[in-house]
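Some notes on the structure that comes next.
The values are calculated or read from the model by the stated rules, or taken from the named source; none is laboratory data. It should be emphasised that the depicted structure is a prediction, and the values quoted were computed from it without experimental measurement. Note that we place each Cβ from the backbone using ideal geometry, even for glycine, and neighbour counts take in every protein chain shown.
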Amino acid sequence: MGLFGSKEPSDNSSPNNFKVTDNGELAEVYKIKDRLDSDEIVHVVAKQSRLVPGGSMITTPNIIFATDKRLIIRNPTMLGLRENFEDYSYDKITNIKLEKGMMSSTLVITAPGMGTASRQGRSTGLIPWGRGEDGMIDAIPKDKAEQILKLVRFKMEEIRKTKNQPTQVQSVSIADEIAKLGKLLTDGLITPEEFSEMKKSLLNKK
C-alpha cells in the first residue's frame, strides 16, 4: 500500500479516488514521511498559493496533507529553515466548510484546540500555523480544497456511523445453556450434583 494511496477505489464516493501522483506533491510527502504511521496513506496534498489574496506571497507556502487518518498542516518558516506541524484526527474535527473565491478557496476547519495552537504560534512571532485563529486556511487551490472537503466529510460520516452502530451482544438463552449441561451430564463429564448446581445458578440469572 505505501504512503501514497496505492489501493484501488471501490466506488466514486470513496476517498481512495484521490491519489498523490504529482512529483512535486510526492516530494512534499517525503518531507513528512517520518511523521506518518507505517500504514498511513496520503490522499491529498494542497499547497497555499503565492499569487492570490490570503496566500504566501512573502513566506514559504503552508501545506495541508489529508491522509486516511487525519489532516496535517505543515507551516515552513524562515524560508523553510524551520517548520511547525499541527495535525487533527478526523474524530476530533467537528465541522469543515468551504468558501469559494474567484481564484482559490478557503477551508474553515473546527476542532478542539485550534484557537489555542494559533495563539501559541502568534506569541512566538511566527505565522500561526498558516491559518487564522478561527480555523480558516486561505488560498487553497479550488480542486484541492474540494477534495479535502469531500475526504474529511467522508471520514466524519464514517466515524459517526461507527459510533452510532449498536453493539451486538450475543444472547444465548438459558434453555440452550441447560441443554448443554444436560449433554455434559449424559456424557459423564459432570455429576448429577454438579448439573443441579449449575442449572440452579443459570436459573437464578433470569
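In region 131-145, the count of residues that are loosely packed, with under 13 Cβ neighbours inside 10 Å, modelled with pLDDT of 90 or more and closer than 15 Å to GLN48 by Cβ is one or more. The requirement of being modelled with pLDDT of 80 or more, closer than 19 Å to VAL44 by Cα and touching a helix residue (DSSP H, G or I) at 6+ places or on another chain (Cβ under 6 Å) is not satisfied by ASP87.
Could you run through region 176-187 and say how many residues are over 45 Å from the mean Cα position of the chain (by Cα) and without any contact (Cβ under 8 Å) to a residue 12 or more places away in the chain?
Total satisfying the criteria: 7.
Take the residues in region 86-109 that are of a type in the set (Val, Ile, Thr) and part of a strand (DSSP E or B); name whichever of them is farthest from ASN62 (Cα to Cα). Applying the filter and picking the extreme gives ILE96. Listed by first and then second residue, the pairs linking a residue in region 126-150 that is of a type in the set (Lys, Arg) to a residue that is surrounded by 16 or more Cβ atoms within 10 Å (Cβ to Cβ) and modelled with pLDDT under 70, with Cβ atoms under 7 Å apart and 6 or more places separating them unless they lie on different chains, are ARG131/SER118.
Mind listing whichever residues of region 81-91 are among the charged types (D, E, K, R) and either outside the structural domain of ILE137 (by TED's automatic domain parsing) or surrounded by 15 or more Cβ atoms within 10 Å (Cβ to Cβ) (or both)? Step through it out loud before you land on a result.
Taking region 81-91 first, the residues among the charged types (D, E, K, R) are 82-83, 86-87, 91.
Hits for region 81-91 are GLU83, GLU86, ASP87, ASP91.
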